[in-house]
Amino acid sequence: MKAVCGGGPGLAWAVAAAFTGAYGALINGLLGLWDRGGVVLLRIASPEAQQKDGGVMKRCYCLRMGMATALIASACMLLITGPTAHGESGEEGADWPMWRFDAGRTAASPHGLPSDLQLHWVRELPTPKRAWLQQDDDGDKLAFDVSYEPIAYGGMLIAPSMVRDSVTAYDLRTGDEQWRFYTDGPVRFAPAAGAGRVYAASDDGCLYCLDAETGELIWKHRGGPVTRPILGNGRLIDTWPARGGPVLKDGVVYYAAGIWPSMGVFIHALDAETGARIWPNSTSGSAFVGQPHAG
């Protein structure tokens, strides 16, 4: 394995150049590791994952990394996550509370990379079901949900599911399920967490705010102008699905609903505590825009 990483104790990113997956193929990809509440996240994409639909993220392993542990999903696309109490220097580690770590999507943390990987626990997950079939003619640009996108927060691994239409929290040390919350549509992107709350966007068109300890609903907000269920590639979704990872910054949570310019794309900034609307893109959200690739 060849790795490129940096930082102090806790979290870092590394490129894994040779990893043998569940099908015995060499897998190239990205390995991200972080400490306590932090997790060690491995996401590996093989050539097979880029060329074939299905068979992705079927098995998860949890590895102990010195003071840290990691959860691995062994298939064409893999994820590693796991807990630790302190970094190698004894410093308290940080959570990985949203997609690519922070609101800037930097995929970087000041914490370093633990060493000494050892298998700790294993958990099976269903094969992901993509929103769109593979698009061979454009490099498969719509392959955003070929794998699960977990976050680490408060000693838990919190994973969305586009299969079970849910958000599930697992104990980082044991892998035991702590709670599960169901929405009315697939949850395809990483949630965001902070101040004891978890925020998840669903294809049912809503943003959900959950209690991080119990998974109970605190509030929810609908992103589109009305509720209008439709069938989208075999799944029941809203006409304006909330199909993106929420962003949490300075007590404000941001998300969007809608995927077709001709039907409106609605962006919202909400008070993270109460769900009260701070602003929407009211002047442009519902504006008719012609399809840019119409032919």
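Computed from the coordinates by the stated procedures, all read-outs in this text should not be read as laboratory data. Only a predicted model underlies this, so the values are computations on that prediction, with no experimental measurement involved. Positions of Cβ are generated from backbone atoms using ideal geometry, with glycine treated the same way; all protein chains shown enter the neighbour counts.
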> Tell me, what is the FRET efficiency for E213 and T274 to the nearest 0.05, using R0 = 30 angstrom and their Cβ-Cβ distance as r?
Replying inline: 0.95
> Between E124 and V163, how many nm apart are label points set 7 Å from Cα along the C-beta direction?
Replying inline: 0.9
> By per-residue mean of other Cβ atoms within 10 Å, what is the highest-first order of 174-185, 197-208?
Replying inline: 197-208, 174-185
> Ranked highest first by average number of other Cβ atoms within 10 Å, how do 99-108, 144-153 line up?
Replying inline: 144-153, 99-108
